[in-house]
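What follows is one structure encoded as structure tokens, with my remarks underneath.
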Amino acid sequence: MRRSPRSALGSVRVSRRRRCSTLVMAFVAAVLASLSGPGAAFAAPVEEFLLRNQDTGHCLDARSRTLVGRCSGLPGQIWTAPSGANMTWLRNEEAEACLTATPSGQVVLNRCGLGGDMQLWTYGPDAETAVRSAANHRALTDQGRRGLVTSALSGARNQLWERLPPG
């Protein structure tokens, strides 16, 4: 028995509606996952660590005005990142903020997720321990009392950092 043209067209419409509905649901799921935070749908284990500068011996410190201070292992010096991540946020739980590079080369703390590439950092393999901004590819540099900046990678010891377990 032959279908009438109208019923054949009706099944095409249903099939298109179903596809559109599926696409809309996939889009909504993707938006909701992105609002939950980066990697929420595929959460990796989080690693906690201190970052100690090889030249000054100072640790990255969210409590300090210069963002570096004598290593104490207190919560302001404990940073988190997904384990094994090549490029990641450096987040301090106590400050509820992420390390952020500015276009001028300064380093500040800002709410995570608001800085785009300015909040993404890589660790190594440059001299195995350089921390570099994904936005400007410059190295995190401890200038002592003047604090942190990003500067062209030179391999100087004040650009080299060690990841240490907290405590």
| message | Under the 0.36 nm per residue contour assumption, what length would be gained going from the current alpha-carbon distance of LEU114 and GLN54 to full extension? | response | 18.6 nm
| note | Note: probe point = Cα of ARG145 + 7 Å toward Cβ; backbone nitrogen < 17 Å; residues of the range 59-92 passing the test are 65-70
| Difference of contour (0.36 nm per residue) and Cα-Cα distance, ALA156 to THR102 | 17.3 nm
| message | Please list, in order, the residues from the range 130-167 whose amide nitrogen is less than 14 Å from a point placed 7 Å along the Cα→Cβ vector of THR66. | response | 141-149, 158
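Every number here is computed from the coordinates shown, using simple stated rules; none is lab data. Keep in mind that what you see is a predicted model, and the values were worked out from it rather than measured. Note that each Cβ is placed from the backbone with ideal geometry, even for glycine, and that neighbours are counted across all protein chains shown.
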